[in-house]
2 protein chains.
Amino acid sequence: MNASLPQPKNTFRNLPPEKQERIIAVALAEFAASGYRSASLNNVVKRSEIAKGSLYQYFANKEALFLHIFERFTEVVKAVTREAVASVAAADFFAQLEAILFAGIRFIDEHPDYFQIYLRVLFEQEVPQREALVARLRLFPLEYLGPLYAAGQRRGDIRTDVAPATAVFIVDATLERFLQAYARPYLDSGLGLAASDAQQLRMAVTTVIKVLRDGLSPR
Amino acid sequence: MNASLPQPKNTFRNLPPEKQERIIAVALAEFAASGYRSASLNNVVKRSEIAKGSLYQYFANKEALFLHIFERFTEVVKAVTREAVASVAAADFFAQLEAILFAGIRFIDEHPDYFQIYLRVLFEQEVPQREALVARLRLFPLEYLGPLYAAGQRRGDIRTDVAPATAVFIVDATLERFLQAYARPYLDSGLGLAASDAQQLRMAVTTVIKVLRDGLSPR
DNA sequence: GCGTAATGTGACCAGCTGGTCATATTATGA
DNA sequence: TCATAATATGACCAGCTGGTCACATTACGC
């Protein structure tokens, strides 16, 4: 079931950390810019100033390099999600949603290349183990959303006359699409996030959450 | 503003229609399978059994071929949308949404390659005129959704104490995500559309629409 | 200082890419 | 019948790809 994690070779682990980081940073940028299949290892070695042969001493092949980077990505998402949820454990469900959405925005601001890779992986068929990668990545936000929803219902934040799985689906779709629209303005149907300053962006977040609350809280 | 439409050359128009269709079908499959940058014109000429040079007598270059196919795609979407909306002009807003969703499902069933290309274009940077293409394509569903929503409000189907632009955003995100989940089961968070038979799928559609109705109709 | 193991290197490989072009084939019209 | 124009063709091009490998350089233990 679990996708095999391809470790970098020991040679890579023995490298000075700053050299490791340089290589990872370059490869990350390359995959973000070109996706998996079109990413060029020649570019990677040129830009990180190592020899072609060296790259293959560090990673078995293109796939291993990509999977290693995606693995790091997953770890960051895990950490960010855990932290975001923990910081609002006491709040009501919709305040929690708002915090998650802000965490997503911060993630995009801080790790645009990771988000870019995510968007590409979503629909690029050649990505190795694509379905497993996407599933594993989305697991973390999602496995929080369900329990939070259930807790919210118990707490009385959320109406009980609505199918929970479907409601969670809609919430998830809304949050994810909001983040996509934030990162890709051409997906933004009518919210005008692109032209937003920080103030207007906060306002848009608040409004989305408010509509969800209006629709989902007990009447 | 308007993206230039690259016509195929006259040589292509003069071809027997079945030959035209053969070439288009092969190219469509190739772009669907490999996206823009990785799509291989050598594959296209091989599979459609024409010479490399002939392809370049029909289309100026790869970009022109791709844009022509996307243009056809857009026309189909236009037609399908118009028809779906016209057929439920009299219904209430949520019945209209349901019809649109079913139309989307039918579209995916009938034109899986077009939908595949759409998903790829969404996030593949190298696609020529990507933003314009996506914008032009999404325009049609979207320019219907807004007015339908407004009409629904006037008719009393929809509560008036909720920001319309944001509500439309959520509805759009939900419908689009539903279709993506239908086509790409790994995106389906908890609805189980993949394992569905036709009956269960209809049920899932009904449920999603019901939750939207519960949330958006006047209380 | 020396032998050995680990690491670094870039020329090289086959196979592919989008695109070109001289030439061969066919259709047209008088 | 024949000249001319339109179309079909595939060998060819430079440039790229992921990956390999024989060899040079460095590090390490004695």
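Miscellaneous remarks
- If the condition is being more than 18 Å from residue A:127 (Cβ to Cβ) and within 12 Å of DNA strand C (Cβ to nearest atom), then region A:23-42 contributes A:23, A:42.
- Complete set of residues in region B:84-134 that are charged (D, E, K, R), touching a Lys or Arg at 6+ places or on another chain (Cβ under 9 Å) and in contact (Cβ under 8 Å) with a residue 40 or more places away in the chain: B:92, B:124, B:126
- Restricting attention to region B:52-63 and to residues that are more than 8 Å from DNA strand D (Cβ to nearest atom) and either over 25 Å from residue A:39 (Cα atoms) or modelled with pLDDT under 95 (or both), the residue that is most open to solvent (accessible area, probe 1.4 Å) turns out to be B:60.
- Selected residue (only one of B:177, B:202 is more than 10 Å from chain A (Cβ to nearest Cβ) and under 29 Å from residue B:74 (Cα atoms)): B:202
- Lone qualifier among B:49, B:83 - being at positive phi, open to solvent by 20 Å² or more (accessible area, probe 1.4 Å) and more than 14 Å from chain A (Cβ to nearest Cβ): B:49
- Extreme residue, nearest to DNA strand D (Cβ to nearest atom), among residues of region A:16-37 that are part of a loop (DSSP other than H, G, I, E, B) and buried (at least 20 other Cβ atoms within 10 Å of the Cβ): A:36
- On inspection, residue A:88 fails the criterion of being more than 16 Å from DNA strand C (Cβ to nearest atom), within 18 Å of the chain's Cα centre (by Cα) and within 28 Å of residue A:211 (Cα to Cα).
- Filtered residues of region A:186-198 (kept if more than 8 Å from chain B (Cβ to nearest Cβ) and touching a helix residue (DSSP H, G or I) at 6+ places or on another chain (Cβ under 9 Å)): A:188, A:192, A:193, A:194, A:195, A:196
- Subset of region A:127-145 [at pLDDT 90 or above and at the interface with another protein chain (Cβ under 7 Å from one of its Cβ atoms)]: A:131, A:134, A:135
- For beta carbons closer than 7 Å, sequence separation of 6+ or different chains, a first residue in region B:173-201 that is at negative phi and a second that is assigned to a loop (DSSP other than H, G, I, E, B) and open to solvent by 30 Å² or more (accessible area, probe 1.4 Å), the qualifying pairs are B:181/B:191; B:185/B:194; B:188/B:194.
- First in region B:21-33 and within 14 Å of chain A (Cβ to nearest Cβ) and acidic (Asp, Glu), second anywhere and part of a helix (DSSP H, G or I) and surrounded by 18 or more Cβ atoms within 10 Å (Cβ to Cβ), Cβ under 6 Å, 6 or more apart: B:30/B:44
The values are calculated or read from the model by the stated rules, or taken from the named source; none is laboratory data. Everything numeric here is computed off the predicted structure, so don't read it as measured data. Heads up, the Cβs are rebuilt from the backbone with ideal geometry, glycines too, and the neighbour counts pull from every protein chain shown. The protein model used for the area step is the full one, side chains on, heavy atoms only, and it has no ligands, DNA or RNA in it. Shrake-Rupley method; radii C 1.70, N 1.55, O 1.52, S 1.80 Å.
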